[in-house]
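Engineer: The structure is given below, and queries will be raised subsequently.
The values are calculated or read from the model by the stated rules, or taken from the named source; none is laboratory data. These numbers come from a predicted model, not from an experiment. Here the Cβ is made from the backbone with ideal geometry for all residues, glycine too, and neighbour counts use every protein chain on show. We work out accessible area using only protein heavy atoms, side chains counted, and drop any ligands, DNA or RNA first. Shrake-Rupley method; radii C 1.70, N 1.55, O 1.52, S 1.80 Å.
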Amino acid sequence: MEPVFLFSQFFNGLVLGCIYVLLSLGLTVVFGTLGVVNFAHGALYMLGAYAAYTVATHLHLNFLACLILCPVIVAGIGMVLEKCLISKLYKLPHYYNLLLTFGIMFIIQDAIKIIFGPEGEPFNIPDLLQGAVNLGFMYYPKYRLFILVVTALLSGGLWLFIEKTRLGAIIRAGTDNAEMADALGTNISWTFTLIFGLGAGLSGLAGVLAAPIQNVQPAMGMDILVQTFVVVIIGGMGSIGGSILAGLVIGQILTFSIVFWPPGSTTLIYAFMALVLVTRPRGFFGRVSFFE
Amino acid sequence: MTLLQLENVHAAYDESQVLSGVSLEIAKGELVTLLGRNGAGKTTTLRTIMGLLPPRSGRISFNGQAINGLAPNRIAKLGVGYVPEERGIFPSLTVSENLMFPSWGRGETGWSLERIFHFFPRLHERASHKGSQLSGGEQQMLAIARILRAKMDLLLLDEPTEGLAPLLVETIGTILKEIKGSGLTVLLVEQNTRFACQIAERHNILYGGKIVHTCSNDEFMRDTEIQHKYLGV
Ligand SMILES: Nc1ncnc2c1ncn2[C@@H]1O[C@H](COP(=O)(O)OP(=O)(O)O)[C@@H](O)[C@H]1O
Ligand SMILES: [Mg+2]
C-alpha cells in the first residue's frame, strides 16, 4: 500500500476525529458541569446542519455567514431548552434525564422531517474551499484541511476561555462545587444556561462543518451520537483534554478499520472502549467513572 | 442595631425535621456563637440562613429585609458570606481565582488583594497554586479571605478550627479578632468550646431544634451546668 494513500487516510481520520472532538467537547462540558447526559446532543448537531442548509440555500448567505450564524442559532435553541426543560432535571433522579433528553431528540428529529421531509438535502462545499491543496507529498482537499484548522483553533480557544478568563473560572467553579458558587453570589442557574448553550453551539458548529461532507438528513444526529458517547467515555466524562484525544483516536480507528477490515469497522471502537475501561475505568482523564 | 434575625424558623431534610422553631438575633458588629452537640443542627441553621436549604416556615431577616426564600446568590449579594465546614474552596481554581470569586456581586469590593496577601502571607506564597494543592489551614484562611475580599456584612463560619493543629487554631483566633475589629459581624459555629470562649461575646445554644439559651461569654463560662446539660462538656 502506498504511503500517500495511508497519509490521506490518516488525514481523513483526523477530519472525522475533528467532528467527534467538536461534538464530544460540548457533551462532556455539559455533563461535567450540569451532570446531565444529553441524548439530544446529536439532534442539535443535525439542527446545525439544517440551519446551514437553510441559511445558504434560502437566505443565499455565504458559508462564512453560516459558520457564524448557525452555531449562534443552535446555542440559542439550547439555552431555551435548558431554561424550560433541562433545568428541571437537576433535582430529579437520573432516569428522568434519559427520558427527557431522548424525548427532545425525537421531537427535534420529527419536526425537521415535517418541515424538510425525510430524504435529506444537498449541501455543496463552498466555492472558495473547493479543490485541493498541495502539501508537498500529496494533494488534500481544501475543505477537509479547513475543518482541521477550525477545530484546532476552536479547541485552543475553548481551552483559553475556560482556563484563562473570568467566565471560564466561573464555569470551572460551577463544575467543582455549584452550591458554593451560588453561595458566593454567582447566579448559577444562568451560568448553567450559558454552559448548555455553549455545548449546543459547539454541536451546531460541528453540524455546519459536517454538512458539506456528509448527507444533511434527519437521522444524521442519531447516527453520530453513539460514537460521540464512546469518545466522551473513553476520554473521561467531563474532561476537555480527554475528549480531544479520544476524538482523534476514534477518528483514526474508524477510518483505518474501514480501509483494512471493513466488516469490523462498526465493532472495533466498542472493543477499544471496553479495553480502555478495563484498564482505566475513568477513561483517559476522567474524574469519575461513567458507571459510578 | 439588629443585623440578622431568625423568628421561629423550621427546617427539614425531606422527612426529618432538624430545626423546629429557631429564634435568634445578632446585632451589627457582634461576634456570637452557635453552640450545640454533634447533630444538633448548627450546620443546618447556617445553610438555612444562606438559602441553601429554604426554611419550611418562619422568618429570616437581614438588615431589616426578609431573605427567606431568596436564592443563595441573592442572599450573598445582600452581604452574607458563608464559610462551610468543608471550606468550599474550588479545587480547580487557583488561590487568586478563588479570591476574585464573589467580589463583583455587590458592586463594591472589600479588602484589596494587597491587604489580603499582607494579612495572609501564606496565601501570597501560594497565589498561583490550585485549590486542590492547599493544606487544611490554608484552605480555611482562603475561605475567610474570600469573604473579606467581597466586603460582606455578616460572616457565617462553620467550625473553622476543625482538624487544625493548635498553632493554626491560635492563628485563626487572631484573624477572627482582627476581622471583628474591622466591623464584620460573625456568627461562629464551634465544637471547640474553649476556643469559642476566647473570642466570642455571646453564645447561643441549640438543643432539640431550638435555641434554648443565650447568654454573654462571662455568664456562660461561670455556668458549668449549662455547658454540661446542653453540650456535654
Ligand atoms: N443532607 C442531609 N440529609 C438528611 N439529613 C441530614 C442532612 N444533613 C444533616 N442531616 C441531619 O440533620 C441533623 C443536623 O445536622 P447538622 O446540621 O449537620 O448538625 P451539626 O452541624 O450541629 O453537627 C443531623 O441529625 C443530621 O443527620
Ligand atoms: Mg456541622
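Engineer: Any residue at all in the range B:138-158 that's of a type in the set (Gly, Ala, Ser), within 14 Å of the chain's Cα centre (by Cα), farther than 23 Å from B:THR45 by Cβ and open to solvent by less than 10 Å² (accessible area, probe 1.4 Å)?
Structural biologist: yes
Engineer: Could you list, in sequence order, all residues of the range B:77-97 that are of a type in the set (A, V, I, L, M) and out of contact with any helix residue (DSSP H, G or I) (no Cβ under 6 Å at 6 or more places or on another chain)?
Structural biologist: Of everything in the range B:77-97, those that are of a type in the set (A, V, I, L, M) and out of contact with any helix residue (DSSP H, G or I) (no Cβ under 6 Å at 6 or more places or on another chain) turn out to be B:LEU78, B:VAL80.
Engineer: Then there's this: Of all the residues that make up the range A:95-133, how many are assigned to a loop (DSSP other than H, G, I, E, B) and in contact with a helix residue (DSSP H, G or I) (Cβ under 7 Å, 6 or more places away or on another chain)?
Structural biologist: Total meeting the criteria: 5.
Engineer: Mind counting the residues in the range A:66-100 that are under 27 Å from A:VAL150 (Cβ atoms) and not hydrophobic (A, V, I, L, M, F, W, C)?
Structural biologist: 4
Engineer: Something else about it: State all residues of the range B:28-59 that are away from chain A (no Cβ under 14 Å), without any contact (Cβ under 8 Å) to a residue 60 or more places away in the chain and either among the acidic types (Asp, Glu) or more than 28 Å from B:PHE195 (Cα to Cα) (or both); if no residue qualifies, say none.
Structural biologist: Result: B:PRO55, B:ARG56, B:SER57, B:GLY58, B:ARG59.
Yes/no matrix, rows are residues, columns are (1) hydroxyl-bearing (Ser, Thr, Tyr); (2) within 18 Å of A:THR151 (Cα to Cα):
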residue	(1), (2)
A:VAL232	no, yes
A:SER239	yes, yes
A:TRP261	no, no
A:ALA274	no, no
A:GLY283	no, no
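Engineer: Here are the criteria: (1) within 16 Å of ligand 1 (Cβ to nearest atom); (2) open to solvent by 10 Å² or more (accessible area, probe 1.4 Å); (3) at pLDDT 95 or above; (4) within 14 Å of chain A (Cβ to nearest Cβ). Tell me which single one B:ILE89 does not satisfy.
Structural biologist: Failing condition for B:ILE89: (1).
Engineer: Right, next: I'd like to verify a number: residues in the range B:16-46 that are open to solvent by less than 50 Å² (accessible area, probe 1.4 Å) and either of a type in the set (D, E, K, R) or within 9 Å of ligand 1 (Cβ to nearest atom) (or both), how many?
Structural biologist: Total satisfying the criteria: 12.
Engineer: List every residue pair whose Cβ atoms sit under 7 Å apart, with the two residues 6 or more apart in sequence or on different chains, where the first one lies in the range A:266-287 and is modelled with pLDDT of 90 or more and assigned to a helix (DSSP H, G or I) and the second, anywhere, is among the aliphatic types (A, V, I, L, M) and exposed (fewer than 15 other Cβ atoms within 10 Å of the Cβ).
Structural biologist: none
Engineer: Right, another one. Tally up the residues in the range B:118-165 that are farther than 30 Å from B:PHE62 by Cα and in contact with a Pro (Cβ under 6 Å, 6 or more places away or on another chain), please.
Structural biologist: Result for the range B:118-165: 2.
Engineer: Out of (1) open to solvent by less than 70 Å² (accessible area, probe 1.4 Å); (2) within 14 Å of chain B (Cβ to nearest Cβ), the odd one out for A:LYS164 is which?
Structural biologist: (1)
Engineer: Still on this structure, I have one more. Can you run down the residue pairs with Cβ atoms below 8 Å, 6 or more apart or on separate chains, where the first is in the range B:13-27 and more than 14 Å from chain A (Cβ to nearest Cβ) and under 25 Å from B:GLN65 (Cα atoms) and the partner is within 8 Å of ligand 1 (Cβ to nearest atom) and assigned to a strand (DSSP E or B)?
Structural biologist: Cβ pairs passing all conditions: B:VAL22/B:LEU206.
Engineer: Somewhere in the range A:125-144, is a residue more than 10 Å from chain B (Cβ to nearest Cβ) and of a type in the set (Asp, Glu)?
Structural biologist: Yes, that holds for at least one residue.
Engineer: When you scan the range B:66-83, do you find a residue that is touching a Leu at 6+ places or on another chain (Cβ under 7 Å), more than 9 Å from chain A (Cβ to nearest Cβ), in a loop (DSSP other than H, G, I, E, B) and open to solvent by less than 50 Å² (accessible area, probe 1.4 Å), even just one?
Structural biologist: yes
Engineer: Inside the range A:33-68, can you point out the residues that are free of Cβ contacts under 8 Å to residues at least 24 places away in the same chain and under 17 Å from A:ASN215 (Cβ atoms)?
Structural biologist: Answer for the range A:33-68, where residues must be free of Cβ contacts under 8 Å to residues at least 24 places away in the same chain and under 17 Å from A:ASN215 (Cβ atoms): just A:THR54.
Engineer: Filter the range A:241-252 down to residues that are among the hydrophobic types (A, V, I, L, M, F, W, C) and crowded, with 21+ Cβ neighbours inside 10 Å, then give me how many there are.
Structural biologist: Final tally of qualifying residues: 3.
Rundown of residues vs (1) buried (at least 20 other Cβ atoms within 10 Å of the Cβ); (2) of a type outside the set (A, V, I, L, M, F, W, C), yes/no style:
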| site | (1), (2) |
| --- | --- |
| A:ALA152 | no, no |
| A:GLY156 | no, yes |
| A:TRP159 | no, no |
| A:ASP182 | yes, yes |
| A:GLY207 | yes, yes |
| A:ALA210 | yes, no |
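Engineer: Output the number of the condition that B:PRO121 fails; it satisfies all remaining conditions of (1) open to solvent by 60 Å² or more (accessible area, probe 1.4 Å); (2) away from chain A (no Cβ under 12 Å); (3) touching a residue at least 12 places away in the same chain (Cβ under 8 Å).
Structural biologist: B:PRO121 satisfies every listed condition except (3).
Engineer: It is to be established whether one or more residues within the range A:169-179 are more than 9 Å from chain B (Cβ to nearest Cβ) and of a type outside the set (Gly, Ala, Ser).
Structural biologist: Yes, the range A:169-179 contains a residue that is more than 9 Å from chain B (Cβ to nearest Cβ) and of a type outside the set (Gly, Ala, Ser).
Engineer: I would also like to ask the following. Take B:GLN5 and tell me if it is out of contact with any strand residue (DSSP E or B) (no Cβ under 6 Å at 6 or more places or on another chain) and either open to solvent by 10 Å² or more (accessible area, probe 1.4 Å) or more than 13 Å from ligand 2 (Cβ to nearest atom) (or both).
Structural biologist: No, not satisfied.
Engineer: While we're here: Among the residues of the range A:180-189, write down those that are more than 7 Å from chain B (Cβ to nearest Cβ) and closer than 15 Å to A:ARG166 by Cα.
Structural biologist: A:ALA181
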